[in-house]
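Accompanying notes for the structure given below.
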Amino acid sequence: MSVLITGGAGFIGRWVVKKFLSNNYDVVVIDNLSNGNSENLSEFRNIYRLKEIVIEDIRKKEIIENLFSKYNFSICIHLAAQINVQESLDFPEKAFENNVIGTYNILEAARKYNTKVILMGTCMVYDLADSNKSIDEMHPVKPASPYAGSKLAAEELALSYYYGLKVPIVILRPFNTYGPFQKTNMEGGVVSIFVNLKLKNEKLKIFGDGTQTRDLLYVEDCADFVFKASESDKCVGEIINAGTGEDISINDLAFLIVENKDQIEHVKHHHPQSEIMKLTCNSTKAKILMDWTAKTSLKEGILKLENWLIKQEGKK
Ligand SMILES: NC(=O)c1ccc[n+]([C@@H]2O[C@H](COP(=O)([O-])OP(=O)(O)OC[C@H]3O[C@@H](n4cnc5c(N)ncnc54)[C@H](O)[C@@H]3O)[C@@H](O)[C@H]2O)c1
């Protein structure tokens, strides 16, 4: 079995590559390194099943065609995307080209070579939920940024290839994911940014009043979710959420990480209009369809991330 992992040199991609290699798949990665790093894959270089790391762009249709023709993949895990919300507000075209045109190129090749596509969506497409309600896949969507809009457009396009052209498609919507290999700048995520600031003894900056909540998913649980979805026939044609089922406010997250209120400050939000104030995942569907649940507690995940960041600092 061979799998193409787009965005495989990125944060989640690195863990997905690891998961497929350890389950004896032949793996090919395509990544233009716009936000990834080939070093993320360095520990797999000697594994012969990692067939190729192609440093190229999914916006180039011919490159994608040639890759599918060369390897005849059974599965494509499509993770490559422009992921920065603020950048998508500043340059919407970038989100459209990477996330919609890039996905179109993958879908066209998948149609031609009969490849199953696992498309990585995001929880950022959802509308605000009531304070006591978790979000399941029937929850209304409201894309509040070109990032969310382009991801949703990619999902809809993929579903049209499923309904209209019989391409096997699975749409995954993981909630905010964190862990080792995530960037600690604005291209990263809140947990990595906060833990890194703690280690540097710098103040944690919270955008807005910090009451916005997140359901934080540890990255190995996320990779497990992607892998299980790719192996299950029941998931084809479905949209599936993944999260822990518990949310935490950004204020409480900061306090959990630094335990000292003096090390936390609130600053003006860059894009309050694109903020989702409450995100709690309902993963019942993932449990039913593929027996998936998140295994890692937030405390455990933060500790693993912190230990990894300390190790990275030691290597410098
Ligand atoms: N991190 C999260 O919290 C989260 C949550 C839900 C969904 N997602 C989705 O998961 C996927 C991976 O996210 P991530 O956090 O690992 O981000 P990431 O930026 O680390 O990974 C994306 C990878 O895609 C590559 N890429 C971007 N545009 C490309 C292009 N045109 N051609 C080839 N490669 C390209 C980047 O270089 C990067 O390595 C994305 O689709 C994202 O929308 C992420």
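Read the figures in this text as sums done on the coordinates, not as results from a lab. Only a predicted model underlies this, so the values are computations on that prediction, with no experimental measurement involved. All Cβ positions, glycine included, derive from the backbone under ideal geometry; neighbour counts span all protein chains shown.
Here are a few things to note about the model shown:
- Among Ala95, Val85, Asn72 the positive-end extreme of the charge dipole of segment 63-124 (Cβ point charges): Asn72
- Principal axis dimensions, the chain - Cα atoms, whole angstrom, descending: 57, 45, 39
- Asn307-Ser42 pseudo-label distance in nm [points 7 Å out on the Cα-to-Cβ vector]: 2.1
- Max mean-square fluctuation residue, GNM over the chain, Cα-Cα springs under 10 Å, options Leu204, Leu305, Leu256: Leu256
- Computed over the chain with a Gaussian network model linking Cα atoms closer than 10 Å, the most mobile of Asp136, Asp247, Asp209 is Asp209.
- The charge dipole of the chain, taken about its Cα centre with unit charges on the Cβ atoms of Lys, Arg (+1), Asp and Glu (-1) only, comes to about 600 debye.
- Using a cut-off of 26 Å between Cα atoms, the listed pairs Lys18/Lys316; Lys198/Lys304; Lys116/Lys311; Lys268/Lys295 include Lys116/Lys311; Lys268/Lys295 as exceeding that distance.
- For the pair segment 207-278 and segment 159-175, the centres of their Cα atoms are 24 angstrom apart.
- Here r is the Cβ-Cβ distance between Leu33 and Asp90 and R0 is 25 Å; the resulting FRET efficiency, rounded to 0.05, is 0.75.
- Considering only Ile276, Ile75, Ile55, the Gaussian network model of the chain with Cα springs below 10 Å gives its largest mean-square fluctuation to Ile55.
- A simple spin-label model places the labels of Arg49 and Gln273 4.8 nm from each other, with each point 7 Å out along Cα-to-Cβ.
- Where both bridge residues fall in segment 95-252, DSSP classifies roughly 25% of the beta bridges as antiparallel.
- Segment 176-316: relative contact order as a whole-number percent, Cα under 8 Å and 6+ apart: 35
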